[in-house]
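**Q** Sending over a structure as structure tokens; questions will come in a sec.
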Amino acid sequence: TKPKDSTFDMDRFWRHSLSCSLIADRIVSKKLVRIEQAPTFRAYWMGCLLHDIGKVIIGYFFPLRYAELRHYIEANPQFSFRRAETELGNIATHDYLGRLMLIKSGVQIELVEAVGFHHELSASSPPLIHLIHLANQLSKDMGMGYSPGERGTYSAAMMRHFSIDAQQVRALRNDIHEGIAESINNHIEQCRPNTAMATAS
């Protein structure tokens with residue numbers, strides 16, 4: 001359970017993570033960008049769901065650090081969580097902590113690397129990392145980032161990898177945006193316990 005002194009917003013966290021998975025699924029299933037050796041559904045769905053899992057670690061186990069980051073973001077609402085981490089010393093960042101946790105959990109190395117490096121892309125990054133990065137930034141631009149008000153910051157390496165430019169990113173966002181919020185709500189409702197059944201039992 002969440003410590004009483006933590007202000008971590010788990011609902012916002014899952015909405016952002018789920019939006020990334022749904023966006024990635026639309027990109028792949030509708031072939032909205034050219035992906036050589038497209039990742040499997042399981043890889044990109046789980047990678048998107050878990051890409052920010054390090055934020056949970058910070059929020060639950062380092063509430064003072066989390067509060068420091070939140071206050072910084074509130075004062076600079078255009079900054080992403082990752083930018084705030086950089087500005088405040090780059091100490092045990094959420095991507096690093098997420099990678100450590102998944103290593104300890106024994107998950108596939110493909111997933112470990114996707115979570116650990118979704119903010120650090122290069123020409124040699126595998127397609128899965130580029131896809132998670134793109135879905136993550138699109139989610140922010142659609143108002144579904146973890147931090148309200150943050151905007152997407154698209155890696156130049158990702159843009160080259162998918163051979164897209166800023167205009168195509170905007171078109172992609174407009175293409176995907178319709179129905180995403182409703183899909184997220186439907187998925188979340190399906191995952192919530194049925195309170196009526198719980199009461200009856």
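**Q** With (1) exposed (fewer than 15 other Cβ atoms within 10 Å of the Cβ); (2) more than 22 Å from Ile184 (Cβ to Cβ) as the list, and Asp11 as the residue in question, which single condition is left unmet?
**A** (2)
**Q** May I pose another question? Applying the selection to the range 143-171, what residues are open to solvent by 50 Å² or more (accessible area, probe 1.4 Å) and among the aliphatic types (A, V, I, L, M)?
**A** Of everything in the range 143-171, those that are open to solvent by 50 Å² or more (accessible area, probe 1.4 Å) and among the aliphatic types (A, V, I, L, M) turn out to be Ala156, Ala166, Ala171.
**Q** If the Cβ limit is 8 Å and pairs must be 6+ apart or interchain, which residue in the range 16-27 that is within 21 Å of Gly54 (Cβ to Cβ) pairs with which residue that is modelled with pLDDT of 95 or more and not in a helix (DSSP H, G or I)?
**A** His16/Asp52; Ser17/His51; Ser17/Asp52; Cys20/His51
**Q** Okay, next question. Give all pairs with beta carbons closer than 6 Å in which a residue from the range 59-84 that is closer than 23 Å to Ser139 by Cβ and hydroxyl-bearing (Ser, Thr, Tyr) meets a residue that is part of a helix (DSSP H, G or I) and open to solvent by less than 50 Å² (accessible area, probe 1.4 Å); count only pairs at least 6 apart in sequence or on separate chains.
**A** From residues that are closer than 23 Å to Ser139 by Cβ and hydroxyl-bearing (Ser, Thr, Tyr), the pairs are Tyr66/Ile58; Tyr66/Gly59; Tyr72/Ala84.
**Q** Do we have Ala123 as modelled with pLDDT of 95 or more and under 25 Å from Val33 (Cβ atoms) here?
**A** Numbers: modelled with pLDDT of 95 or more: no; under 25 Å from Val33 (Cβ atoms): yes.
Spelling it out, it is not the case that Ala123 is modelled with pLDDT of 95 or more and under 25 Å from Val33 (Cβ atoms).
**Q** Report whether or not Glu68 is out of contact with any Pro (no Cβ under 7 Å at 6 or more places or on another chain), farther than 28 Å from Trp45 by Cα and surrounded by 12 or more Cβ atoms within 10 Å (Cβ to Cβ). It would help to see each step written out before you state the result.
**A** Details: out of contact with any Pro (no Cβ under 7 Å at 6 or more places or on another chain): yes; farther than 28 Å from Trp45 by Cα: yes; surrounded by 12 or more Cβ atoms within 10 Å (Cβ to Cβ): yes.
Judged against the criteria, Glu68 is a match.
**Q** For the range 172-183, check the following and say yes or no: at least one residue is open to solvent by less than 70 Å² (accessible area, probe 1.4 Å), in contact (Cβ under 8 Å) with a residue 40 or more places away in the chain and of a type in the set (Gly, Ala, Ser). Show your work before the answer.
**A** Taking the range 172-183 first, the residues open to solvent by less than 70 Å² (accessible area, probe 1.4 Å) are 172-173, 176, 179-181, 183.
Subset that is in contact (Cβ under 8 Å) with a residue 40 or more places away in the chain: 172, 176, 180, 183.
Okay, now just the ones that are also of a type in the set (Gly, Ala, Ser), so 183.
The answer is yes; a qualifying residue exists.
**Q** Can you report the number of residues in the range 119-152 which are more than 20 Å from Arg99 (Cβ to Cβ), assigned to a loop (DSSP other than H, G, I, E, B) and of a type in the set (Ser, Thr, Tyr)?
**A** Kept after step one, since they are more than 20 Å from Arg99 (Cβ to Cβ), are these residues of the range 119-152: 123, 138-145, 147-152.
Next cut, assigned to a loop (DSSP other than H, G, I, E, B) only: 123, 142-145, 147-152.
Okay, now just the ones that are also of a type in the set (Ser, Thr, Tyr), so 147.
Residues meeting the conditions: 1.
**Q** Also, I was wondering about something else. Keeping to the range 170-184, report how many residues are in contact with a Ser or Thr (Cβ under 7 Å, 6 or more places away or on another chain) and within 17 Å of Val28 (Cβ to Cβ). Write out each step before concluding.
**A** Applying the first criterion (in contact with a Ser or Thr (Cβ under 7 Å, 6 or more places away or on another chain)) to the range 170-184 yields 180, 184.
Then drop every residue that is not within 17 Å of Val28 (Cβ to Cβ), which leaves 180.
Going through the range 170-184 one residue at a time, the tally reaches 1.
**Q** If you don't mind, another one. Give the residue that is least open to solvent (accessible area, probe 1.4 Å), with candidates limited to residues of the range 49-58 that are more than 17 Å from Lys140 (Cα to Cα) and out of contact with any Asp or Glu (no Cβ under 8 Å at 6 or more places or on another chain). I'd like the intermediate steps shown before the answer.
**A** Our first condition is that a residue be more than 17 Å from Lys140 (Cα to Cα); within the range 49-58, this holds for 54, 56-58.
Cutting the leftovers down to out of contact with any Asp or Glu (no Cβ under 8 Å at 6 or more places or on another chain) gives us 56-58.
Values: Val56: 23, Ile57: 28, Ile58: 5 Å².
Here the answer is Ile58.
The values are calculated or read from the model by the stated rules, or taken from the named source; none is laboratory data. Predicted model only: the values in this text are computed from it and were never measured. Virtual Cβ from ideal backbone geometry, glycine too; neighbours counted across all protein chains shown. Surface areas here come from the heavy atoms of the whole protein model, side chains and all, with no ligands, DNA or RNA. Shrake-Rupley method; radii C 1.70, N 1.55, O 1.52, S 1.80 Å.
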